[in-house]
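Trainee: So that we are looking at the same thing, I have put the structure below in structure tokens.
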Amino acid sequence: MSRLRNYYTIRLTVDTTQGSQQAQTVVYLEPDLLTANWPRYVSAGPYTNSGMALATNPDGHTRMVLEGPRQGLRGAELYSISPDGSSLDKLDFNVGSYTQPAVGDVDGVPGDEVVMGDDFSVRVFYADGTSATLPTDFNVYFAINPCR
């Protein structure tokens, strides 16, 4: 049993010329669950206001999904990572979005789909690794809220 197992408060303080602002959250640390597979490197990490969403595979296992939008000459990337870090899959696509992907069952088939804005379209990534593009007349923005 690890002595580090406990609740911890993480605080971020930003001092500016207009004063100081602070954000904080409480996390539960369970070091016994960590594996040698972490940390994992991703070449196109998520935007600062984005994050990771949880999706269910067709077999019922959970995976973490995140996207890195296009930056410079590098295209956008969607990552799917197993919770223990042993598996990392990457799909390349066009532009991406600065918000985290939405996740849910949109086709009625077992397994969640990952949906995100991609320039003037919506991209749907299916659990089997295929994708579809739904064109729109506007830029889609999910406002940093995952769907379920």
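What follows is calculated from the coordinates using simple rules that are stated; it is not laboratory data. Everything quoted here is computed from the prediction, not taken from an experiment. Positions of Cβ are generated from backbone atoms using ideal geometry, with glycine treated the same way; all protein chains shown enter the neighbour counts.
Trainee: Tell me the relative contact order for the chain as a rounded percent, counting alpha carbon contacts under 8 Å between residues six or more apart. Intermediate values should be presented prior to the final figure.
Mentor: Details: 322 pairs, mean separation 24.2, N = 148.
The normalised contact order for the chain reaches 16 percent.
Trainee: For the chain, with only Lys/Arg (+1) and Asp/Glu (-1) charged at the beta-carbon, what is the dipole magnitude about the Cα centre, in debye rounded to 20?
Mentor: For the chain, the charge dipole is close to 600 debye.
Trainee: Which distance in nm do the two modelled labels at Y8 and A36 give, with both placed 7 Å along the Cα-to-Cβ direction?
Mentor: 2.3
Trainee: Quick check on the exposure proxy: order M52, M116 from fewest to most C-beta atoms within 10 angstrom. Can you show the working numbers first?
Mentor: Details: M52 15, M116 26.
Going from sparsest to densest Cβ surroundings: M52, M116.
Trainee: If packing is taken as the average number of other Cβ atoms within 10 Å across a peptide's residues, how do 14-22, 66-74, 35-43, 117-125 rank, most packed first?
Mentor: Working: 14-22: 7.7, 66-74: 16.4, 35-43: 10.4, 117-125: 20.0.
Descending mean neighbour count gives 117-125, 66-74, 35-43, 14-22.
Trainee: Could you put L78, L12 in order, starting from the residue whose Cβ has the fewest other Cβ atoms within 10 Å? Could you put the intermediate results ahead of the total?
Mentor: Numbers: L78 22, L12 9.
Fewest-to-most Cβ neighbours within 10 Å comes out as L12, L78.
Trainee: Next question. Compute the distance in nm between two label points, each set 7 Å from the Cα along the Cα-to-Cβ direction, one at N94 and one at L54.
Mentor: Distance between the two pseudo-spin positions: 3.3 nm.
Trainee: Along the charge dipole of the range 34-135, which of Y126, P101, W38 sits closest to the positive end, that is, farthest toward it, with unit charges on the beta carbon of Lys, Arg, Asp and Glu (+1, +1, -1, -1)?
Mentor: W38
Trainee: Rg and Dmax of the range 34-135 over Cα atoms: what are they, in angstrom?
Mentor: Both quantities, over Cα of the range 34-135: 13.1, 42 Å.
Trainee: Looking at S20, S86, M52, which one has the Cα that reaches farthest to the positive end of the dipole of the chain (charges on Cβ: Lys, Arg +1; Asp, Glu -1)?
Mentor: Result: S20, furthest along the dipole toward the positive end.
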